[in-house]
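The structure appears right after this line, and notes come after that.
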Amino acid sequence: METEFDVSIGVGTLYDYKMQTLYKQPVTIIMTAIGCLMIYGFLTLHQWYYPVIAAILILYPPMDMLRLSVMQAKMVPAFKNGLHYHLSKEGIKVRSGEEEQLVSWENCIKATGTRMSYFVYTGKKTAFIFPKECMKEKTEDVLRIISTNMAPDKVKIRF
């Protein structure tokens, strides 16, 4: 089974990917927890600087990811021009302009999804991004190919 489709990656899609990876890191979870403790501290101790610290700890990471997403969407040529994916039993072939790359399924670490996109990770912070709005009727085929060619413990997609 094979399928291919074109993808255009914008700011919203990049932001979704970056937030997905950001809030799986222990540092971000700890920062958010400390920010919540600062809010609780403000409510009980009434120190003026507690909500300032809380706002920085809770709001800075997502705002920074938004800034990075906007910059990347504007500067990376592949995101501006779009990508063409071809999924087969050999792996994932991605083409951007004249450049083409094939990544075998053995090099894929995990597959996961959000309400906006599916991600097939090839490294800790690198992934193929498949926005649901771009795949449309090919979504079922893509999920079937991913789940067939990757080990079941690596696929964390809710079907």
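Looking at the stretch 70-94, which of the residues that are more than 22 Å from residue 18 (Cα to Cα) and among the basic types (Lys, Arg) is surrounded by the fewest Cβ atoms within 10 Å (Cβ to Cβ)? So the residue we want is 89. What about residue 79, is it more than 22 Å from residue 139 (Cα to Cα) and in contact (Cβ under 8 Å) with a residue 12 or more places away in the chain? So residue 79 fails the test.
Scanning the stretch 98-121 for residues that are assigned to a loop (DSSP other than H, G, I, E, B), open to solvent by less than 60 Å² (accessible area, probe 1.4 Å) and out of contact with any helix residue (DSSP H, G or I) (no Cβ under 6 Å at 6 or more places or on another chain) turns up just one, 108. Name the single residue that is least open to solvent (accessible area, probe 1.4 Å) among those in the stretch 25-62 being within 32 Å of the chain's Cα centre (by Cα) and among the aromatic types (Phe, Trp, Tyr). Filtering first and then ranking leaves 50. Considering 13, 3, the condition of being closer than 30 Å to residue 148 by Cβ, among the polar types (S, T, N, Q) and touching a His at 6+ places or on another chain (Cβ under 9 Å) is satisfied by 3 alone.
The values are calculated or read from the model by the stated rules, or taken from the named source; none is laboratory data. As the structure is a computational prediction, the values presented were derived from the model and not from experiment. FYI the Cβ positions are ideal-geometry reconstructions off the backbone, even for glycines, and counts take in every protein chain you see. Surface accessibility is based on the protein's heavy atoms, side chains included, excluding ligands, DNA and RNA. Shrake-Rupley method; radii C 1.70, N 1.55, O 1.52, S 1.80 Å.
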